[in-house]
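K.L.:
Attaching a single structure in structure tokens format; questions to follow.
Since every read-out is calculated from the coordinates, none of them should be taken as a lab result. Quick caveat: nothing in here was measured; it's all calculated off a predicted structure. Ideal geometry is used to build each Cβ from the backbone, glycine not excepted, and the neighbour counts take in all protein chains shown.
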Amino acid sequence: GESVGLHLPTLSVQEGDNSIINCAYSNSASDYFIWYKQESGKGPQFIIDIRSNMDKRQGQRVTVLLNKTVKHLSLQIAATQPGDSAVYFCAETPSMNNNAGNMLTFGGGTRLMVKP
Amino acid sequence: GAGVSQSPRYKVAKRGQDVALRCDPISGHVSLFWYQQALGQGPEFLTYFQNEAQLDKSGLPSDRFFAERPEGSVSTLKIQRTQQEDSAVYLCASSLRAGSTDTQYFGPGTRLTVL
């Protein structure tokens, strides 16, 4: 498949370590934030989301932190595994109540490489 | 169940040719989105359908790009007179409802290369 993220910033971690991937967003109207994982040749895969009325949300081995003051989002992956190797994108969307759907605005992405 | 599927997975076109890219969303999903992903970048929004209605086409880069979803299920993205700058991965996503926080599920994409 095609290669994703040839020129993306890269985070290299040892298997078993924790990983932290950061994202800055610019739209203060954004109300809903999502982290996606994209492996080479595949489409983005939903990992975890968070609404702006929260500052932390936990899933299985993943935690998302939101700091609205500085418009910063982070994804923490506990006990990183080789299967976590991929490009990670944050995405944002303003939350509207008109049920007209909302396009996602994606950040630039970070490549995570897990060394066995 | 089956996820979002797209065809073809790879398409090579000569500059000036027309192409048609197909998206089969998850069955029953109301919302359908098209995104364009250049190499090394995040996806960028092109257009949005709610059932058969195209509610937002603000991301389409030129009038050479046209999308349709005539029966509210399968969608086709057509690019006329392709240019080299159209080379990218075209991603389709669908969500169950039209709510702002409904999870978008992505297909594998179509890699378009314009020579």
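K.L.:
Ranked from highest to lowest mean number of other Cβ atoms within 10 Å per residue, what is the order of the peptides B:33-40, B:95-102? Please list the in-between numbers first.
P.N.:
Working: B:33-40: 20.4, B:95-102: 17.1.
The packing order, highest mean first, is B:33-40, B:95-102.
K.L.:
About its Cα centre, what dipole magnitude does chain A give when the only charges are +1 on Lys and Arg Cβ and -1 on Asp and Glu Cβ, stated in debye to the nearest 20? Write down the numbers at each step before the final one.
P.N.:
Working: 10 positive and 9 negative charges, 33 e Å.
Once rounded to the nearest 20, the dipole reads 160 debye.
K.L.:
For chain B, report the convex hull volume of the alpha-carbon atoms normalised per residue, in Å³, without decimals.
P.N.:
Details: hull volume 11.0 nm³, N = 115.
Given the Cα convex hull of chain B, per-residue volume reads 96 Å³.
K.L.:
Say the dipole of region B:5-109 comes from +1 at the beta carbon of Lys and Arg and -1 at that of Asp and Glu; which of B:GLN54, B:GLY99, B:GLN17 then lies farthest toward its positive end?
P.N.:
B:GLN17
K.L.:
In terms of Cα to Cα distance under 17 Å, which lysines are near enough to A:LYS42, apart from those fewer than 8 places away along the same chain?
P.N.:
Partners found: B:LYS11.
K.L.:
Between B:SER5 and A:ASN27, what is the label-to-label distance in nm when each label sits 7 Å out along the Cα-to-Cβ direction?
P.N.:
Placing both labels 7 Å along Cα→Cβ, they lie 3.2 nm apart.
K.L.:
Evaluate the Kirkwood expression for the hydrodynamic radius of chain A, namely the inverse of the mean inverse distance over all pairs of different C-alpha atoms, and round to one decimal in Å.
P.N.:
The Cα-based Kirkwood calculation yields 14.6 Å.
K.L.:
Something else: Averaged over B:9-15, how many beta carbons belonging to a partner chain fall within 10 Å of each residue's beta carbon?
P.N.:
On the way: counts 3, 2, 0, 0, 0, 0, 0.
What the average comes to for B:9-15 is 1.
K.L.:
Oh, and also: Ranking A:MET103, A:MET54 by Cβ neighbours within 10 Å, fewest first, what do you get?
P.N.:
Ranking A:MET103, A:MET54 by Cβ neighbours within 10 Å, fewest first, gives A:MET54, A:MET103.
K.L.:
Would you kindly give the portion of the calculated P(r) for the protein assembly as shown that falls above 30 Å, as a percent of all Cα pairs? All intermediate terms of the calculation are to be shown ahead of the outcome.
P.N.:
On the way: 6336 of 26565 pairs.
When every Cα pair of the protein assembly as shown is considered, 24 percent fall beyond 30 Å.
K.L.:
When we measure straight from the Cα of A:LYS68, which lysines land under 27 angstrom away, once same-chain ones fewer than 8 places off are left out?
P.N.:
The reachable lysines, counting only those whose Cα sits under 27 Å from A:LYS68, are A:LYS37, A:LYS56.
K.L.:
Can you give the % of DSSP beta bridges in the protein assembly as shown that are antiparallel, to the nearest 5? Could the numbers behind the result be given before it?
P.N.:
Details: 66 of 75 bridges.
For the protein assembly as shown, the DSSP antiparallel bridge percentage is about 90.
K.L.:
Near A:LYS71, which aspartates and glutamates are there with a Cα under 17 Å away, not counting those fewer than 8 places off in the same chain?
P.N.:
Within the straight-line cut-off, A:LYS71 pairs with A:ASP31, A:ASP49, A:ASP55, A:GLU92.
K.L.:
Let me ask something additional. Relative to the Cα centre, what is the charge dipole magnitude of the protein assembly as shown, using +1 at the beta carbon of each Lys and Arg, -1 at the beta carbon of each Asp and Glu, and rounding to the nearest 20 debye?
P.N.:
Rounded to the nearest 20 debye, it is 260 debye.
K.L.:
Have a look at B:PHE65, A:VAL62, B:SER31 and report the one farthest towards the positive end of the charge dipole of the protein assembly as shown, computed about the Cα centre with Cβ charges (Lys/Arg +1, Asp/Glu -1).
P.N.:
B:PHE65
K.L.:
Along the charge dipole of region A:1-73, which of A:TRP35, A:ILE50, A:LEU8 sits closest to the positive end, that is, farthest toward it, with unit charges on the beta carbon of Lys, Arg, Asp and Glu (+1, +1, -1, -1)?
P.N.:
A:ILE50
K.L.:
Something else about it: Give me the distance in nm between label points sitting 7 Å out from Cα along the Cα-to-Cβ direction at B:LEU55 and B:GLN83, one decimal.
P.N.:
The answer from the label model is 3.1 nm.
K.L.:
Suppose every K and R has +1 on its Cβ and every D and E has -1 on its Cβ; what is the size of the dipole of region B:1-81 about the Cα centre, in Debye to the nearest 20? Don't skip to the end; give the middle numbers.
P.N.:
Values: 10 positive and 8 negative charges, 96 e Å.
It comes to approximately 460 debye.
K.L.:
Let me ask another. Which of A:PHE33, A:PHE46 has the fewest other C-beta atoms within 10 Å, and how do the rest follow up to the most?
P.N.:
Starting with the residue having the fewest Cβ neighbours, the order is A:PHE46, A:PHE33.
K.L.:
Sticking with this structure for a sec: Please figure out what share of the DSSP beta bridges in chain B is antiparallel and state it in percent, rounded to the nearest 5.
P.N.:
Numbers: 33 of 37 bridges.
DSSP beta bridges in chain B are roughly 90 percent antiparallel.
K.L.:
Under the rule of at least 5 residues apart or a separate chain, name every residue whose amide H is placed under 5 Å from the amide H of A:GLU15.
P.N.:
Those lying under 5 Å, H to H, from A:GLU15 are A:LYS115.
K.L.:
Would you mind counting up the charge near A:LEU73? Only other residues with Cβ under 14 Å from its Cβ, with Lys and Arg at +1 and Asp and Glu at -1.
P.N.:
Neighbourhood net charge equals +1.
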